[in-house]
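The values are calculated or read from the model by the stated rules, or taken from the named source; none is laboratory data. All of these numbers come straight from a predicted model, not from anything done at the bench. Here Cβ is always computed from backbone atoms with ideal geometry, including for glycine, and neighbour counts include all displayed protein chains.
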Amino acid sequence: MEFRKVLSLMLVLLFMSALLMVGGCEEEAAEPEEVDGPVRWTIASGWVAGVYYPISGAMSRMAYDHIENISITAEASGASVANARLIGTRDAELAILQNDIAYYAYNGIEMYEDEAVPEMRGLFTLYPEHCQIVASAEAGIENPGDLAGKNVAVGPLGSGTEANAVQILEAYDLTFDDLGSVERLTASEASDFLRDGRIDAAFFTVGLGAAAIEEVAIVKDVEIVTIDDDKIDWLIETYPYYSKEVIPADTYSGVPESTTVAVLAMIVGHADLSEDLVYEFVSGIFDNLDQPQSVQEAHERGTMITMDTALEGMPIELHPGAEKYFQEQGLVE
Ligand code: GLU
């Protein structure tokens with residue numbers, strides 16, 4: 001009896017020390033590996049027919065041509081809301097997203113109440129993204145209030161667009177329940193459905209000139225729904241990242257002028273990225289803006305990525321690597 005007790009105690013001890021050894025090995029394995037060549041980063045971007053994706057592609061080319069220690073892969077996604085989560089789970093090192101959504105994620109409010117992403121850091125802001133409600137002309141939608149009872153694509157799953165759709169409808173005392181049907185389509189599907197008359201309208205918060213909207217405008221009579229001034233004032237007062245913007249006529253083939261709200265696109269990175277590498281990335285982008293195939297050439301919106309506006313509308317703490325670069329440029333004290 002006594003002997004069996006001692007034996008089982010020994011077995012338990014043996015088992016525990018084996019566990020400790022495995023644990024120890026795991027810790028060792030978690031040490032960063034010494035690898036030759038550049039560090040590989042993923043940038044969570046957005047819709048293939050949007051603007052984040054071509055801009056991310058240009059950043060990846062810029063890194064290849066001008067940034068020695070970083071290689072970047074752009075990945076398409078639902079966009080802003082999903083991208084902040086990809087930073088939180090450390091499935092992406094960098095992400096492009098809307099500044100309103102970055103603010104919600106960092107502070108754990110709105111859709112991030114149970115899952116704040118405090119480890120997200122700002123690098124720089126990019127260009128305005130207009131909330132564009134594209135409606136087929138025959139649907140007779142004069143303002144967002146007329147969306148009641150209509151079939152509407154409210155933004156892809158994981159998009160910032162959907163959050164903006166909720167807020168814009170709120171300004172008109174509407175919710176998704178008041179719509180005829182709520183479609184959650186990718187941006188490309190939403191433009192196909194609009195073209196084929198399967199939906200009456202679709203929300204897109206995206207840089208002007210997005211392929212998703214032009215693809216419908218060239219084949220169908222569509223308009224961008226104007227938001228009334230008093231509703232714009234309410235939106236700006238309630239959700240401070242909005243600004244009032246006019247979309248000039250013919251931004252898309254044959255589409256008349258409209259007035260709406262806009263937010264800003266920005267790029268973020270995980271707080272644990274090395275200061276030196278983030279500095280190298282940010283300086284690599286800004287120091288080479290005039291080079292062939294730069295972010296300014298990838299899309300018309302890329303020309304709005306400038307040193308002067310790089311920290312405008314920045315809603316969260318800067319990454320120390322970005323801070324160092326913008327300090328040297330005199331943008332940060
Ligand atoms: N702003 C969009 C969203 O988060 C994505 C736009 C894009 O992919 O260019 O809903």
Next on the checklist: Considering only residues that are more than 6 Å from the ligand (Cβ to nearest atom) and crowded, with 24+ Cβ neighbours inside 10 Å, which ones fall in the range 41-52?
Outcome noted: Ile43, Ala44, Ser45
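The rows are residues; the columns are (1) more than 24 Å from Ile316 (Cα to Cα); (2) not hydroxyl-bearing (Ser, Thr, Tyr).
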site: Arg90; (1), (2): no, yes
site: Gln98; (1), (2): no, yes
site: Pro118; (1), (2): no, yes
site: Thr125; (1), (2): no, no
site: Gly149; (1), (2): yes, yes
site: Val152; (1), (2): yes, yes
site: Gly158; (1), (2): no, yes
site: Glu170; (1), (2): yes, yes
site: Val182; (1), (2): yes, yes
Next on the checklist: Taking the criterion of being farther than 21 Å from Trp47 by Cα, in contact (Cβ under 8 Å) with a residue 40 or more places away in the chain and within 16 Å of the ligand (Cβ to nearest atom), would at least one residue in the range 165-174 satisfy it?
Outcome noted: yes
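Based on this model, can you work out whether Ala271 counts as within 20 Å of the chain's Cα centre (by Cα) and within 16 Å of the ligand (Cβ to nearest atom)? Write out each step before concluding.
On the way: within 20 Å of the chain's Cα centre (by Cα): yes; within 16 Å of the ligand (Cβ to nearest atom): no.
Taking the combined requirement at face value, the residue does not satisfy it.
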Checklist entry - Of all residues in the range 187-211, how many are among the charged types (D, E, K, R) and within 16 Å of the ligand (Cβ to nearest atom)? => result 1
Next on the checklist: Based on this model, can you work out whether Phe204 counts as in a helix (DSSP H, G or I) and either among the hydrophobic types (A, V, I, L, M, F, W, C) or modelled with pLDDT under 95 (or both)?
Outcome noted: no
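From the list Val246, Val282, Val225, Val263, exactly one residue is over 20 Å from the mean Cα position of the chain (by Cα), of a type in the set (Val, Ile, Thr), crowded, with 18+ Cβ neighbours inside 10 Å and modelled with pLDDT of 95 or more. Which is it? Break it down stepwise before answering.
On the way: Val246 fails: crowded, with 18+ Cβ neighbours inside 10 Å; Val282 fails: over 20 Å from the mean Cα position of the chain (by Cα); Val263 fails: over 20 Å from the mean Cα position of the chain (by Cα).
Sole residue among the options that is over 20 Å from the mean Cα position of the chain (by Cα), of a type in the set (Val, Ile, Thr), crowded, with 18+ Cβ neighbours inside 10 Å and modelled with pLDDT of 95 or more: Val225.
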Checklist outcome for this item: With criteria (1) surrounded by 21 or more Cβ atoms within 10 Å (Cβ to Cβ); (2) closer than 29 Å to Arg121 by Cα, Thr238 comes up short on (1)
Item to check | Unmet requirement for Gln296, which otherwise passes all of (1) part of a helix (DSSP H, G or I); (2) more than 23 Å from the chain's Cα centre (by Cα) | outcome: (2)
Checklist entry - Has the range 321-332 got any residue that is closer than 17 Å to Ile67 by Cβ and part of a loop (DSSP other than H, G, I, E, B)? => result no
